[in-house]
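One structure below.
The values are calculated or read from the model by the stated rules, or taken from the named source; none is laboratory data. Predicted model only: the values in this text are computed from it and were never measured. In this analysis, Cβ positions are derived from the backbone assuming ideal geometry, glycine residues included, and neighbour counts consider all displayed protein chains. When the accessible area is computed, the model is the full protein with side chains, heavy atoms only, and any ligands, DNA or RNA have been set aside. Shrake-Rupley method; radii C 1.70, N 1.55, O 1.52, S 1.80 Å.
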Amino acid sequence: MLRERRPAWKAAGVADSPDRPTGVVIPETGGVRSTSALGRGVVADALRTVDPVGARGAESATVWRRDYLVHFRRLVEAGLLSRDAALAIARDGLASLHARVRFATPDGELPLAAAFADDPGEPLTTATVTGTGTAARELVLPYRGERLRGAALDRQLDRWVTAGVIEPSCAEAVRLVAAHPDWLDLTGQRVVVLGAGAEMGPLTALLRWGAEVVAVDLPRPPLWQRLLATADRYAGRLRVPVSGAERADLDRRAGADLLHDPGRIAAWLAGFDGPLVLGNYVYADGAVNVRVAMAVDALTGHLLARRDDLTLAFLATPTDVFAVPAEVVQDANRRYAQRSGIGRLRLPLRAISGGRLLARNYPPVADPGINDSLVPQQGPNYALAKRLQRWRATVARAEGVPVSLTVAPATRTRSVMKSRLLAAAFAGAHRFGIEVFEPATSNTLMAALLVHHLRAAPPAQPQPWQDEAYAAAHGGLWRGPYAPRSALGLAVLLGIGSAR
């Protein structure tokens, strides 16, 4: 059925019609595709069992782009009641998303599961690029123009821990990988990188270490020219989805569209034998981010129902709400009491701003504390796309699926630096104890943590929030003295000159 319709709307690289999007779409509410209505409804559904008052609050929110900050925090707070409460929020949130989001064809909108029909269309084939390099068997971290290894890497990990940039468990995990170079040999383990061209993704590091990478990204020749050149340079093997005429160059035939073709991609991935690590590194701007995040989650659920050899991998954004251990709260409050740097101006700034500037990150005694690093400028679509990944990780762990979810540091990726405000905030962040990483540092560090999770499974934690806190590389947002939004405006003002 879907194959017969393919020429009309599913050719590789065809964009949505301006007046009629296809593939995975936001549902219509009152004749309008509103991500605000979707967000309100999903958050309310997620809270309804555990926190009915919070659910009613979300449903009655009038300006979602502003109000979502409160309700996304409440999702975390309500989950602290018990492990069962956290699981209920995650399960109900995912169920609401899958019930609401639709799969659109020219003949109408269908449930999202229709994307995985028995006949998804012309099958994708596989092209393999085998690298010509020699596999690296030493963990080397690019950092500020240097390549840190051995003792130098160890010292930098110590500095980050002392500065509160990464958690001690993160440093311990990276040290274990450095001490076991054989762990970098991932022979027999295929890693699927959804969003293969993402700056935060592990593709380059994995290929450098000689891994087999199954790459999925949009059919865009310039992107694939870069990825194919990377694969040729290093020692790994790159598996590429291919469609179209064989006489065309590979970069023009490579790629697949998660938004419009999740069924074909699922069928292609199902053809790989042996264990698969399904890594989610996709990103898009605005409402498309929610759509593609849901496409990936639908793909994930489809594969989980049919395979028992999957490991899931995610990168959580640090600009979200997390519960953090009491030790983190104590460290942040110790830094608050020191009044060093800009903290010397804290009292007059707080007086002038009516207490809004440089507020304490946590109350004096909190166990766990709530770190609220949501950035309003990133918006509710970004928050929902990232939160649903955390929900999937929570549910999968409870069902016995191995999961690697790591909080990654704020990073100067192209997508972030497009925002002048965020670029300025990043430039001024160091004055508040926040380190913003370069992409090469972040993606290598996160790839090392993925290897750690594959080789030495993270310790089982009593509560889902503790799973999320393990090995976090939050860049200092958790252990900084100030609530992040109370310092954001100052960071922008202080960084605006250097950002130019």
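Kindly give the semi-axes, whole Å and largest first, of the ellipsoid equivalent to the range 312-443, taking each as the square root of 5 times a Cα gyration tensor eigenvalue. Present the calculation step by step, with values, prior to reporting the outcome.
Details: eigenvalues 163, 82, 38 Å².
Value: 29, 20, 14 Å, ordered largest first.
Using each residue's phi in the range 81-88, evaluate 6.51 cos²θ - 1.76 cosθ + 1.60 at θ = phi - 60° and report the 3J(HN,Hα) Karplus result to the nearest Hz, with x for Gly and Pro.
Each residue of the range 81-88 in turn: 4, 5, 4, 4, 5, 4, 5, 4 Hz.
Just to confirm a number: summing +1 for Lys and Arg and -1 for Asp and Glu over residues other than H430 whose beta-carbon lies under 13 angstrom from that of H430, what do you get?
On the way: positive: R144, R412, R431; negative: E435.
Net local charge, H430 excluded: +2.
Counting pairs of alpha carbon atoms under 8 Å apart in space and at least six apart in sequence, what relative contact order in percent does the chain give?
RCO, the chain: 19 percent.
Leaving out ligands and nucleic acids, note down the accessible area per residue over the chain with a 1.4 angstrom probe, in whole Å².
Counting only protein heavy atoms, the per-residue value for the chain is 41 Å².
Read through the labelled values (i) 44; (ii) 36; (iii) 30 and report the label of the one computed as percent of Cα pairs over 36 Å apart from the structure.
Answer by label: (iii).
From the C-alpha coordinates alone, can you work out the Kirkwood hydrodynamic radius of the range 244-337, in Å?
Final number for the Kirkwood radius of the range 244-337 is 16.7 Å.
Take the alpha-carbon centre of the range 420-458, take the same for the range 259-287, and report the distance between them in whole Å.
Between the Cα centres of the range 420-458 and the range 259-287 lies a distance of 24 Å.
Quick one: Karplus J couplings for the range 479-487, per residue in order, coefficients 6.51, -1.76, 1.60, θ = phi - 60°, nearest Hz, x for Gly and Pro?
So the J values, rounded to whole Hz, are 9, x, x, 10, 4, x, 5, 6, 10.
For V165, V70, give me the order by solvent-accessible area with a 1.4 Å probe, most accessible first, ignoring ligands, DNA and RNA.
V70, V165
Which order do peptides 407-414, 344-351, 173-180 fall in by mean Cβ count within 10 Å, highest first?
Ranked by mean Cβ neighbours within 10 Å, highest first: 407-414, 173-180, 344-351.
Place the peptides 101-111, 486-496 in order of packing, highest mean first, counting for every residue the other Cβ atoms within 10 Å and averaging per peptide.
486-496, 101-111
Using a 1.4 angstrom probe on the protein heavy atoms only, line up Y382, Y283 by accessible area, largest first.
Y283, Y382
Name the residue farthest towards the positive end of the dipole of the chain from the options T444, T311, G145, assuming +1 on Cβ of Lys and Arg, -1 on Cβ of Asp and Glu, about the Cα centre.
In the chain, that residue is G145.
Sort H452, H430 from largest to smallest accessible area, using a 1.4 Å probe on the heavy atoms of the protein chains.
Listed by decreasing accessible area, they come as H430, H452.
Restricting attention to the range 120-183, which GluC sites (Glu not before Pro) occupy a DSSP loop and are surrounded by at most 12 other Cβ atoms within 10 Å?
Of the GluC sites (Glu not before Pro), the ones in loops of the range 120-183 whose Cβ has at most 12 other Cβ atoms within 10 Å are E138.
Take the Cα atoms of the range 24-138, find their three principal axes, and give me the spread along each one in whole Å, biggest first.
58, 51, 27
Express the carbon and sulfur contribution to the solvent-accessible surface of the chain as a percent, rounded to the nearest whole number, probe 1.4 angstrom.
52
Can you pull the accessible area of R237 for me, 1.4 Å probe, Å² to the nearest 10?
For R237, the solvent-accessible surface is approximately 90 Å².
Please give the solvent-accessible surface of D249 in Å², to the nearest 10, using a probe radius of 1.4 Å with every protein chain present.
100
Quick one: accessible surface of D232, probe radius 1.4 Å, all protein chains present, in square angstrom to the nearest 10.
Here the residue's solvent-accessible area equals roughly 80 Å².
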